[in-house]
Amino acid sequence: MTSFLTKFHSRRDKLRSLLCIGIDPELEKLPQVCLDSKSPLVYFTETIVRYTHPYAVSWKPNIAFFERLGTEGYFALEHMVHLMKEISPEVPILMDAKRGDLANTSKEYAKYFFQTLKVDALTVNPYMGRDSLLPYLDLGGTIFVLGLTSNSSSADFQKLKTNANGLYLYEEVSDQMVRLGESYPGQVGLVVGGTHPSEIQSLRNRHPNLCFLIPGYGAQGGDLDAIMKASGKEALINSSRGITMSSLAENFGEVAKKKAEEVHLQMNQLFS
């Protein structure tokens, strides 16, 4: 299996872009043409994937928007992943599920995402420690561990100082993930919110080679120029609603493609 980083680097260098396209299909906010179809999530995701794949350096579906619909949602999720592999096999799939549980439970999650779905990477929560992360790595998958997230309450825990060395908790997480990555080369990345450009720069200085997943650009207000200057090339910058929900008209796929192209061209100009 080609690793996530290998696919990412190849796609990044080909497109001269860091654009990760997030797919968060909130049912109530989908275009009416989707809601009128037999399977709204299938219609929406299929359209988005077909129209925007030329500009995707990575895909990032958020599983919550599928799980809420039960069987129908899981069908749509698995159909979408199959379609992504068929249409754009060179684009790595990063499933946003933020899993974090005991090792025996993590092993089952890992089997679903990396053996059944065969996605390339997964977001995970490190709160339960190293042994909760190893099952994903032992199956050969790549994980992006929550470090400093983009939401407004992220500081509640992530910016607490640790007693041992006075680091913020998110800095300690980043250090431990780099050490974990020494045992699993190319399989460990860090989630850092795009609403924290100065912290992105600090973490990049601290860890020059650690791959970042950066949500929070676009609808959440992150500034692309500041993010790219801080992150460097070893980063995926995610845009979800800003691309996929940019229109409710029947031609929403064409509008999403145009928006993805606009972001792609912006990244091209900042890529160095």
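The values are calculated or read from the model by the stated rules, or taken from the named source; none is laboratory data. In this text the structure is predicted, and so the values were computed from the model without any measurement. Every residue, glycine among them, receives a Cβ derived from its backbone with ideal geometry; neighbour counts consider all protein chains shown.
Observations, loosely collected:
- Qualifying residue in the range 6-19 (condition: within 30 Å of Phe271 (Cβ to Cβ), assigned to a strand (DSSP E or B) and either more than 16 Å from the chain's Cα centre (by Cα) or not basic (Lys, Arg) (or both)): yes
- Candidate set: the range 20-45, residues that are outside any loop (DSSP other than H, G, I, E, B) and touching a Leu at 6+ places or on another chain (Cβ under 6 Å); chosen: the one surrounded by the most Cβ atoms within 10 Å (Cβ to Cβ): Phe44
- Some residue of the range 64-78 being closer than 24 Å to Leu5 by Cβ, surrounded by fewer than 20 Cβ atoms within 10 Å (Cβ to Cβ) and not hydrophobic (A, V, I, L, M, F, W, C): no
- Here Ile227, Ile243 are screened, and the one residue that is buried (at least 18 other Cβ atoms within 10 Å of the Cβ), modelled with pLDDT under 95 and not in a strand (DSSP E or B) is Ile227.
- The residues of the range 146-173 that are out of contact with any His (no Cβ under 6 Å at 6 or more places or on another chain), under 20 Å from Tyr217 (Cβ atoms) and buried (at least 16 other Cβ atoms within 10 Å of the Cβ), listed by number, are Leu146, Gly147, Thr149, Ser150, Ser154, Gln158, Tyr170.
- Checking each residue in the range 98-108 for being surrounded by fewer than 19 Cβ atoms within 10 Å (Cβ to Cβ) and closer than 27 Å to His53 by Cβ picks out only Lys98.
- Test: Pro135 is touching a helix residue (DSSP H, G or I) at 6+ places or on another chain (Cβ under 7 Å), at pLDDT below 95 and either surrounded by 15 or more Cβ atoms within 10 Å (Cβ to Cβ) or basic (Lys, Arg) (or both): no
- Qualifying positions in the range 243-256 - over 19 Å from the mean Cα position of the chain (by Cα) and touching a residue at least 60 places away in the same chain (Cβ under 8 Å): Ser247, Leu248, Ala249, Glu250, Phe252, Gly253, Glu254
- The range 65-103, residues that are out of contact with any helix residue (DSSP H, G or I) (no Cβ under 6 Å at 6 or more places or on another chain), in a helix (DSSP H, G or I) and free of Cβ contacts under 8 Å to residues at least 24 places away in the same chain: Thr71, Tyr74, His82, Glu86
- Condition check for Ser39 on (1) closer than 20 Å to Asp120 by Cβ; (2) free of Cβ contacts under 8 Å to residues at least 60 places away in the same chain; (3) more than 15 Å from the chain's Cα centre (by Cα): one failure, at (1).
- Only one of the listed residues (Thr162, Thr123, Thr142, Thr195) is β-branched (Val, Ile, Thr), within 23 Å of Ile63 (Cβ to Cβ) and modelled with pLDDT under 95. That residue is Thr195.
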